[in-house]
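Beneath this line is the structure, given in structure tokens, with notes to follow.
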Amino acid sequence: MNNALVERMVKQGLIDETAARGINGLLATGEPPTRAFAACGLAEEPLLRFWTHEFGLPYVELEHQQFTKEFLAQFPARILLDKHVMPVQDGDDKVYVVTNNPFDTSAVDELRLATGRDFQLALAPSTEIDRCIKKYLGVGADTVQSMISEAGEGGFQVIDTDSDDDMDLTDAAEGASIVRFVNQILTEAIELRATDVHIEPFEESLRVRYRIDGVLQEALVAPEVKQFQAAIVSRLKILSKLDIAEKRIPQDGRIKIIISDREIDVRVSVIPMLYGEAVVLRLLDRTSVLLGLDRLGMSERDLKVTKIILERPHGIILVTGPTGSGKTTTLYAGLSQINDIQRKIITIEDPIEYQLHGINQIQVSRKAGLTFANGLRSILRHDPDVVLVGEIRDLETAEIAIQASLTGHLVFSTLHTNDAPTALTRLVDMGIEPYLVASSLEAVVAQRLVRRICPECKEPVPESEVAPLRPRFGDKLPATLYRGRGCRNCQGTGYRGRMGIFEMMVVTDDVRALILENASPRALRQASAQQGMTSLRDDGFRHVRAGGTTIDEVFRVTKDDSFADSALDVVSQE
């Protein structure tokens, strides 16, 4: 690169004289042009646009390119990774080597030697090339190549997953490339807002999946990763202080990591499977901002009722739903609403997901004998006004919670039931007398999380696709339905982020009477519906009408109660 090119950049206003002198100085020391320009503060994209004009090279929008496995298989991954380039084929079957450095043609030369094909240079920003490498060659693709090289050079021995010989396994797990690969998996998961990472062994492959917004998405990893399966699992065991020599029984541990000033608590579960040990990592971001009640997604009616119930001096408030439905977030939002200097609030949780200022929090420890039941007994001797029990799992915990509510405490807890009415009968089935349930329970909130339509690619659904739905759903549908087209912001899913849908059942006098009669969940639902309770599915349609989510998403997380009721009617008639 000569000084004349730098002068033309000055004339076009891309850089000033001071920057030009700095760039020329760096170039004189042998600094690569891309680094020299970056060091002087010039943004990459305008620089690349200038070079495309100067050198007559095409500028490629990699975001709009699609790559097939068959196409990429023609090019050695090692060269693409080492040279930081991507091959792109145009409509005339020309193949371009996309780079961010037009002054380094070694990638073209190496690919020509390896494939016998001719190539031309094209330009794209390094961030776009990075994204394509990660997306199409796999997470940690560069590290996988290093792992293979280290194994081949005797850097560490690759361990047979079926072997019981762990002599070299610790060394393998501490290998630089294994450490880097595990770090890359965790970093990508956090960047993608994943709540769980699943590492699953199969006969021919090791699959990695991330749960993002409640849905599992497969992460592309190189097939060669399979041979390092045992070393990867051992690395995770070492981080979570588990026994790497034990492969026959499940193990649970935890890791604390800090990434970009964010403290992440990782819960590790290792279970032996047919083809090796599977690992699930639960990621809890302790720096996440807690939502207030107003931001959970409740309807005006449910929000007003919730605030009234939170001011009651005693009783039980239950939040129900499956794992990952946002129960803890709702409970914390409720506690934050009433957290003041006049109330003493104590929680016992497993795990403590968020640290709440001004609230006393206890972590369950089964090894030490601290369970929900005996922890709750001790809490009641600390003169609390409000108690949160992470989950009612057994009769003993349920009985203590009910006694606490009857002796003047406001008790929050969760229960694993599918809807609000079922929670009442579940307590009775556990062995609680109906009169105790009726006298202690104040409200039950069932909830689910639906994904939000991505704001970056939100678009109206054509009326031709909506028209067939209108006879079925009637006025539940708005004039315009929306969906996400799929973009980089949402990883092509059309959704980004989640919000709650709720079914709030207030235990009124009429409902208490039904509980005392041991009424069915269906009867409890009908009585609550007459008093204003909205079903989960109907509450989901509220978000559809507001343009926040889609019908498909509501159907994914809810069941059709009207269908269930009509089915019961048919059975009873038979």
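The values are calculated or read from the model by the stated rules, or taken from the named source; none is laboratory data. The structure displayed is predicted, hence computed values, not measured ones. Cβ atoms come from the backbone with ideal geometry, glycine included; neighbour counts cover every protein chain shown. In case anyone asks, the SASA skips ligands and DNA or RNA and just uses the protein heavy atoms, side chains included. Shrake-Rupley method; radii C 1.70, N 1.55, O 1.52, S 1.80 Å.
Subtracting the Cα-Cα distance from 0.36 nm times the residue separation, let me have the gained length for Ser205 to Leu113 in nm, one decimal.
Full extension from Ser205 to Leu113 adds 30.1 nm.
Show me, bin by bin at 5 Å from 0, the whole-percent P(r) of the stretch 435-543 based on Cα pairs.
2, 11, 15, 15, 14, 12, 9, 8, 7, 5, 2, 0
Magnitude of the Cβ-charge dipole of the chain, K/R +1 and D/E -1, about the Cα centre, nearest 20 debye?
My answer is approximately 1360 debye.
Can you put Cys487, Cys457 in order of accessible area, largest first, using a 1.4 Å probe?
Descending accessible area places them as Cys487, Cys457.
Using only Cα atoms, figure out Rg for the stretch 212-261 and give it as a multiple of 2.2 N^0.38 Å.
1.43
So how do 274-283, 211-220 stack up, highest first, on mean other-Cβ count within 10 Å?
274-283, 211-220
Mind ranking 527-534, 312-319, 244-251, 469-476 by how tightly packed they are, going by the mean number of other C-beta atoms within 10 angstrom, highest first?
312-319, 527-534, 244-251, 469-476
For the chain, give the percent of accessible area contributed by carbon and sulfur heavy atoms, probe 1.4 Å, rounded to a whole number.
Answer for the chain is 49 percent, counting heavy atoms of protein chains only.
I'd like to know which of Gln217, Leu436, Gln251 lies farthest towards the positive end of the charge dipole of the chain, counting +1 on Cβ of Lys and Arg and -1 on Cβ of Asp and Glu.
So the residue furthest toward the plus end is Leu436.
Quick one: what Rg and Dmax do you get for the stretch 486-543 from the alpha carbons, in Å?
17.5, 55
Starting from 0.36 nm per residue, how many nanometres of slack lie between Ala43 and Arg21 once their C-alpha separation is accounted for?
That works out to 6.2 nm of additional length.
What Kirkwood hydrodynamic radius, in Å, does the stretch 389-442 give when the mean of 1/r is taken over all pairs of distinct Cα atoms and then inverted?
11.2 Å
If you average the alpha carbon positions of the stretch 78-134 and of the stretch 311-353, how far apart do those two centres end up, in angstrom?
55 Å
Nothing charged except the Cβ atoms of Lys and Arg (+1) and of Asp and Glu (-1): what's the magnitude of the dipole of the stretch 81-138 about its Cα centre? Round to the nearest 20 debye.
It works out to roughly 200 debye.
Taking the simple approach of a point 7 Å from Cα along Cα-to-Cβ for both Arg470 and Gln120, what is their distance in nm?
In this crude label model, Arg470 to Gln120 measures out at 5.1 nm.
One-quarter of the Cα convex hull surface for the chain, in nm²?
Projected over every direction and averaged, the Cα hull of the chain covers 35.6 nm².
Given axes a ≥ b ≥ c from the Cα gyration tensor, I'd like to know whether the stretch 296-444 is rounded (a/c under 1.5), prolate (a/b larger than b/c) or oblate.
Note, shape of the stretch 296-444 comes out rounded.
Quickly work out the Gln66-to-Glu7 label distance, labels modelled 7 Å from Cα along the C-beta direction, and quote it in nm with one decimal.
4.9 nm
Name the residue from Gln447, Gln530, Ile402 whose Cα lies farthest towards the positive end of the charge dipole of the chain, charges +1 on Cβ of Lys and Arg and -1 on Cβ of Asp and Glu.
Value computed over the given set: Gln530.
For the peptides 76-83, 370-377, 254-261, what is the packing order when you average, over each peptide's residues, the other Cβ atoms within 10 Å and list the highest mean first?
Going by the mean number of other Cβ atoms within 10 Å, highest first, we get 370-377, 76-83, 254-261.
Hey, if we sort Arg117, Arg545, Arg512 by accessible area with the 1.4 Å probe, largest down, what's the order?
Accessible-area ranking of Arg117, Arg545, Arg512, largest first: Arg545, Arg117, Arg512.
Whose amide H sits under 5 Å from the amide H of Val98, counting only residues 5 or more places off or on another chain, with H placed in the peptide plane?
Met86, Val88, Ala122
So which of Lys83/Lys256; Lys304/Lys327; Lys237/Lys344; Lys458/Lys559 end up more than 28 Å apart, counting from Cα to Cα?
Beyond 28 Å between Cα atoms: Lys83/Lys256; Lys237/Lys344.
Between Gln526 and Asp252, 0.36 nm times their residue separation minus their Cα-Cα distance comes to what?
94.3 nm
Does the stretch 343-419 classify as rounded, prolate or oblate by the C-alpha gyration tensor (a ≥ b ≥ c root eigenvalues; a/c under 1.5 gives rounded; else a/b over b/c gives prolate, otherwise oblate)?
Rounded shape, in that the Cα axes give a/c under 1.5.
What does the helix-only formula give at 222 nm for the chain: each DSSP H stretch with n ≥ 4 adding -39500 (n - 2.57), the total divided by the residues, and the result rounded to the nearest 500 deg cm²/dmol?
Taken over the chain, the calculation gives -11500 deg cm²/dmol.
Where the centroid of each part is defined by its Cα atoms, how far is the stretch 452-483 from the stretch 1-45 in Å?
About 52 Å separates the Cα centre of the stretch 452-483 from the one of the stretch 1-45.
Based solely on C-alpha atoms, express the radius of gyration and the Dmax of the stretch 223-353 in angstrom.
In Å, with Rg to one decimal and Dmax whole: 20.1, 61.
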